[in-house]
Structures are given as structure tokens and as C-alpha cells.
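The structure appears below as C-alpha cells.
The values are calculated or read from the model by the stated rules, or taken from the named source; none is laboratory data. A quick note: this is a predicted structure, and the numbers were derived from the prediction, not measured. Positions of Cβ are backbone-derived with ideal geometry, glycine not excepted, and every protein chain shown enters the neighbour counts. These area figures cover heavy atoms from the full protein model, side chains too; ligands, DNA and RNA do not enter into them. Shrake-Rupley method; radii C 1.70, N 1.55, O 1.52, S 1.80 Å.
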Amino acid sequence: MKAILKKLPSTGLWMEDVAIPEINDNEVLIKTKKTSICGTDLHIYQWDEWAQRTIPVPLVIGHEFMGEIFKLGRNVNGLKIGDRICGEGHLTCGTCPLCRMGKKHLCINTMGLGVKRHGCFAEYFNLPAENIFPLPEFINDDIAAIFDPYGNAVHTALSFPLTGQDVLITGAGPIGIMTAAIAHKAGARTVMVTDTNEYRLDLAKKMGATHTVNILRQELNEMMAEAGIQFGFTVGFEMSGNPKALTDILETAQPGAHIALLGILPSNCVINWDLIIFKMLVIKGIYGREIFSTWYQMVHLIESGLDLAPLITHHFVADDFKKGFEAMLTGNSGKVILNW
């Protein structure tokens, strides 16, 4: 079968012929239909410091997908061949204390699809049956292919009450844009998104941001005044991984505000802890989705009218995956779909 492989410890990715994986009794074999390129995949493509210390080589990459079940393990119940499915890309151990307490998203031994084990950028791949999420008919294939990052946005946005709140989102990447759409849907009074990329700020505006700020040309405080925010934001979502963006959130937060951090900040990031302590801010780290409560929220939001379609800006056949990565690297894209 064809698969997109991190073949060598250097910049680039390779389309290679590899063996179709065998499945164990508790797994399913998935025939891939569509995948989506993630920022994590870009890190692997560029072979940056994080990728070098994290990714085993060779590795089939990818973790954003939808497809159909092609084969079932002997112990698998409740699924059938031909089912349209998506799935949770965090594989949990089931035996650590947190798994046993029903908190799989906090599993101490989490293994990431396409990061620590072979992923979904292939014609077929295997996944534990417990990770499979059957798709309702009203979820189309393109939207299903971005369920993984969409789930990050839902987990982040719905961590705190949003109705009537003033929300600051730093970082207009695809997850930040989806978070803006969810906050708007949830009834936030103000949804302000900051970034330096005009293309993505325009996308954020289309998806529900009430205000966008290009921090290279506009002052955040001036936009706050224009929006009628006198005492600071009540909710902040840091999605960029930029230390200056985190500082902006802390400085503009109202005392007692709730802040969620999804962007991966550098290890040497320095912040003013006085802002957290004396403002009595509540801070939550976000990694992935709550398994599986977030998934049902994802489906129900779409069923109630949340429209993610504008975020999907590019389609390529899998053989042209390099064009997809080039589109992502320009920054002038939303989500990029690879058709298998």
C-alpha cells in the first residue's frame, strides 16, 4: 500500500510502498478516505528540534482522518465492515490510575497516532476498536477529516462558561479559528482574535470572530476600547505558542478570568507570575480531547448549526501531498485535505 513516510532523519517526507498492517483481536483495519494536515505534521516535515527528539524513524505520519472499516478483529463488537468512521488519535493504556478512574484523556501512558506509532497517512491503518467513533450521516467526509483538531477547539472553548463573556483568542491557526466559531455559537459577547496573518484573520472573521487584531499594525488596547471592554477579558485562549501572546492574555485579563493554554510554548518562556497570583486567574492546560465526552459535544454542535466548511480551503489527492504541505507552509490556508 502507499503511505507517507518519515523515511530519513532530515527535512521532507516520502511516499513509499509499505506492508498493510496486521491487526490484533481488539483492533480494526481502516481504509482511509480523507486525511487532514496538522501543524504537528509540519513539524515532522521540517524536522525541527521537537521532531528530532520525538519522532521515531521510519514512521508513517498523520493523525487527522476519516475512512471506513475494512476488517474487524475477533473480539470487536458493535462495529461492522463498511462503517464510516473517525477515531481518537490518542491511544491510552487502560491500566494506569487515571484510565481506571474514567479519565482517559489524562492517561499517563498516552501514545499519539502518527507520532509514536504509525499513523493514518496511508491507504490502510490499524487502530484499537475502542478508539473508533462511528459517524452520523449528517457529518460529511471533509468535516469528519478535521474532527481531531476540531475536538481540540471544542475541548478548549467549552472548558469555561462563554455566554455573555468577552473572549480573547491569541493565534488564528485553524484551531484558534474553530475556537472563535464555537465561542460565537456559545453566545460570547465579544470574540477577539489576534495574529499577524491577514489571511487567517479574515477566515476568523468569517467564522464568527467579532473583532480581529493584526498585532503588527494595531494596538490590542485600542481594539478593546472600541469593543467596549473596560475591565479586561473574562476568558482567554492561548493558541499560538507565542510567549508575547501569553503575556497579552495575562495583562488584559480581568481579575478572576479563566484562561486555557493549547499552544505549545517554548521551554524558556518567562511570564510575570504576579499577574496570575494577584489577579487570581484560573489557568487550564489543554491536550487533545476528553475521551469521549468532547466527541459528542462536537457532533451536537454541528447538528445545532455550527458551520466549519469555510475553514477547509484546499484539497489535494494524496499523491500530491507535497503541494498540500506547501500550501500549509505559506500560511495562506485553513485546513488542507488529502484525498486517498
Specify the residue that is least open to solvent (accessible area, probe 1.4 Å); the eligible residues are those in the range 102-112 that are more than 11 Å from Gly288 (Cβ to Cβ) and either hydroxyl-bearing (Ser, Thr, Tyr) or touching a Leu at 6+ places or on another chain (Cβ under 8 Å) (or both).
Met111
May I ask you to list the residues in the range 18-52 that are open to solvent by 80 Å² or more (accessible area, probe 1.4 Å) and in contact with an Asp or Glu (Cβ under 6 Å, 6 or more places away or on another chain)?
Lys31
State whether the residues of the range 274-285 include one that is among the aliphatic types (A, V, I, L, M), in contact with a Gly (Cβ under 6 Å, 6 or more places away or on another chain), within 28 Å of Ala51 (Cα to Cα) and not in a loop (DSSP other than H, G, I, E, B).
no
Please enumerate the residues belonging to the range 236-256 that are open to solvent by 20 Å² or more (accessible area, probe 1.4 Å) and within 19 Å of the chain's Cα centre (by Cα).
Met239, Ser240, Asn242
Residue among His314, His300 that alone is without any contact (Cβ under 8 Å) to a residue 24 or more places away in the chain, more than 27 Å from Thr247 (Cα to Cα) and open to solvent by less than 60 Å² (accessible area, probe 1.4 Å):
His314
Considering the range 257-273 alone, what residues qualify as being in a loop (DSSP other than H, G, I, E, B) and either within 21 Å of Met224 (Cα to Cα) or open to solvent by less than 60 Å² (accessible area, probe 1.4 Å) (or both)?
Leu262, Gly263, Leu265, Pro266, Cys269, Ile271
Filtering the range 188-210 down to residues that are open to solvent by less than 40 Å² (accessible area, probe 1.4 Å) and over 22 Å from the mean Cα position of the chain (by Cα) yields Thr190
Any idea which residue in the range 140-165 is nearest to Pro243 (Cα to Cα), counting only those that are open to solvent by 20 Å² or more (accessible area, probe 1.4 Å) and among the acidic types (Asp, Glu)?
Asp142
Given (1) of a type outside the set (Ser, Thr, Tyr); (2) open to solvent by less than 40 Å² (accessible area, probe 1.4 Å); (3) touching a helix residue (DSSP H, G or I) at 6+ places or on another chain (Cβ under 9 Å); (4) assigned to a loop (DSSP other than H, G, I, E, B), Cys120 misses just (3)
Scanning the range 286-330 for residues that are part of a helix (DSSP H, G or I) and of a type in the set (Val, Ile, Thr), which turns out farthest from Asp141 (Cα to Cα)?
Thr330
The strands (runs of 3 or more DSSP E) lying wholly within the range 1-116 that contain at least 2 residues that are within 18 Å of Ile132 (Cβ to Cβ) are 27-36, 64-72, 84-87
If only one of Cys93, Cys99 is within 27 Å of Ser293 (Cβ to Cβ) and either under 18 Å from the mean Cα position of the chain (by Cα) or open to solvent by 20 Å² or more (accessible area, probe 1.4 Å) (or both), which one is it?
Cys93
In the set Ile81, Ile4, the lone residue that is touching a strand residue (DSSP E or B) at 6+ places or on another chain (Cβ under 7 Å), modelled with pLDDT of 95 or more and open to solvent by 60 Å² or more (accessible area, probe 1.4 Å) is Ile81
Taking the range 169-187 as the region of interest, how many residues are more than 15 Å from Leu201 (Cβ to Cβ) and open to solvent by less than 10 Å² (accessible area, probe 1.4 Å)?
2
I need the full set of residues from the range 221-243 which are in a helix (DSSP H, G or I) and within 20 Å of Thr156 (Cβ to Cβ), in order please.
Pro243
